[in-house]
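Down below is the structure, laid out as structure tokens.
The values are calculated or read from the model by the stated rules, or taken from the named source; none is laboratory data. Remember, predicted model here, so these are calculated numbers, not experimental data. Reconstructed Cβ throughout: ideal geometry from the backbone, glycine too, with neighbour counts over all protein chains shown. Ligands, DNA and RNA are stripped out before the accessible areas are found, and what is left, the full protein with its side chains, is counted by its heavy atoms. Shrake-Rupley method; radii C 1.70, N 1.55, O 1.52, S 1.80 Å.
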Amino acid sequence: MIFIDACFGKETEYTPIWMMRQAGRYLPEYMEIRKKFNNFIDMTKDPEIVTEITLQPIDILDVDAAILFSDILNLPMEMGLPLRFEKGIGPIFDKTIDNKKDIDNLDKDAYKKLEYVYKSIELIRQNLNKDKALIGFAGSPWTIATYMVEGKGSKQYAKIKKMVYANSLMLHKLLEYNTNQTIKYLINQIKAGANAVMVFDSWGGALERDKFFEFSWEYMKKIAKEIKAKYPNIPVILFSKGVGLYMDKMDGEFDVLGVDWNTPIDYALNIFKNKYTLQGNIDPTRLYSKDAIKEAVLNVANIMKGNRHIFNLGHGILPDIPVENAKYFVSLSKEVTKRRINV
């Protein structure tokens, strides 16, 4: 698999490519399926639907890796926090974590309740071309904790950051719990057939530098370390958004580092050289224009030439991106990086 080879820094015939949120609303085929369901969570619990949606970008765009169609909030939902989606607001937990007792009451076997995810992965892997990789994923302990404490998306993160400074012991207790559940969750995804796993830290940038490492990165490192110890041949991808200025302090036992769109790829390359494969980092809004796509692809390809790289966006693809532009991004990335490989 070209994607797996690139994760480990092996020479490939071109730089592989996939996109965050590639199975989603910009695809008319996805929207047709979405009409049949009252809510998003029900879709993620149906292995046949999950398989169909996960495979759509493979069939339509010819990306080099499929990523499981699911949500990072399925795990906290199974921990015992009922989840609903409200139009115009997004995901909402009506029950939140407010004290130590709330943490003690969380289900210690939450990861076992995600059998529908593991069945989906098995079915996807059965139907996915052998040369295409399947990426499993989870949210970072910090990002999941933020939802669990705030109850929904936030701009100020006041409740969780109050915990950072006023009740750090309790927060660490919650993060330890989330970390242990996430490790087991990702291991079960690997057992089901995932070829790589990724940890998404959507809200790492809400923390100042020292607190980011204490409350987010250290727990992500622990997840990566435990998975690599058990599955050294499974690539681990870490992605934390909004922390480009912290990169010089990042390290750990993982294989791929996601780079967001507001962190210059040459800046990241200068820090890490070829220690990790860098993944990213094209601005999703460039996909509104083929000229903007071409400019970015040529620039990133030139910077990363001869270095470990996987093409991706710096965050998720937007729902109103033209499918033709997404196809162009994929085909152009392959074309400009195609190279001779001595077999």
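Structure notes:
- Around the amide H of residue 198, modelled in the peptide plane, lie the amide H atoms of 136, 137, 138, 237, all under 5 Å away and 5 or more residues distant in sequence or on another chain.
- Taking Cα centre as origin and charging only the Cβ of basic (Lys, Arg, +1) and acidic (Asp, Glu, -1) residues, the dipole magnitude of the range 165-296 rounds to 420 debye.
- Residues whose amide H falls under 5 Å from that of residue 261, counting only those 5 or more places apart or on a different chain, are 314, 315, with hydrogens built in the peptide plane.
- Angle between the chain longest axis and helix 115-127 axis [Cα atoms, degrees, rounded to 10]: 10 degrees
- For the chain, the longest principal axis of the C-alpha atoms and the axis of helix 290-304 are separated by about 90°.
- Between residue 112 and residue 288, the FRET efficiency estimated from the beta carbon spacing at R0 = 51 angstrom works out to 0.75.
- Selected from 170, 18, 298, residue furthest toward positive end of dipole (the chain; charges at beta carbon): 170
- Accessible surface of residue 68 - all protein chains present, 1.4 Å probe, nearest 10 Å²: 10 Å²
- Centre separation in Å (Cα based) which lies between the range 67-110 and the range 8-65: 23 Å
- Segment residue 298-residue 105, length gained on full extension (0.36 nm per residue, minus Cα span): 64.3 nm
- C-alpha long axis of helix 218-230 to longest principal axis of the chain, angle in °: 70 degrees
- Estimated FRET transfer efficiency when R0 is 25 angstrom, pair residue 40-residue 229 (beta carbons, to 0.05): 0.15
- Karplus-derived HN-Hα couplings along the range 178-188 (A = 6.51, B = -1.76, C = 1.60, θ = phi - 60°), whole Hz, x at Gly and Pro: 4, 5, 5, 5, 5, 4, 5, 4, 5, 4, 5
- Integer Hz, Karplus 6.51/-1.76/1.60 couplings in order for the range 50-57, x for Gly and Pro: 4, 5, 4, 5, 4, 7, 4, x
- Taken about its Cα centre, the chain carries a charge dipole of about 380 debye when Lys and Arg each add +1 at the Cβ and Asp and Glu each add -1 at the Cβ.
- At an R0 of 51 angstrom, the distance between the Cβ atoms of residue 323 and residue 210 translates into a FRET efficiency of 0.75.
- Solvent-accessible surface of the chain, averaged per residue with a 1.4 angstrom probe and all protein chains in place: 44 square angstrom.
- The stretch between residue 271 and residue 126 holds 48.3 nm of extra length on full extension. This uses 0.36 nm per residue minus the Cα-Cα distance.
- Whole-percent carbon and sulfur share, accessible surface of the chain, 1.4 Å: 47 percent
- Calculated from backbone phi, Karplus (6.51, -1.76, 1.60) coupling profile of the range 267-274 in Hz, x at Gly/Pro: 5, 5, 4, 5, 6, 9, 6, 10
- The relative contact order of the range 11-83 comes to 33 percent, based on Cα pairs under 8 Å that sit 6 or more residues apart.
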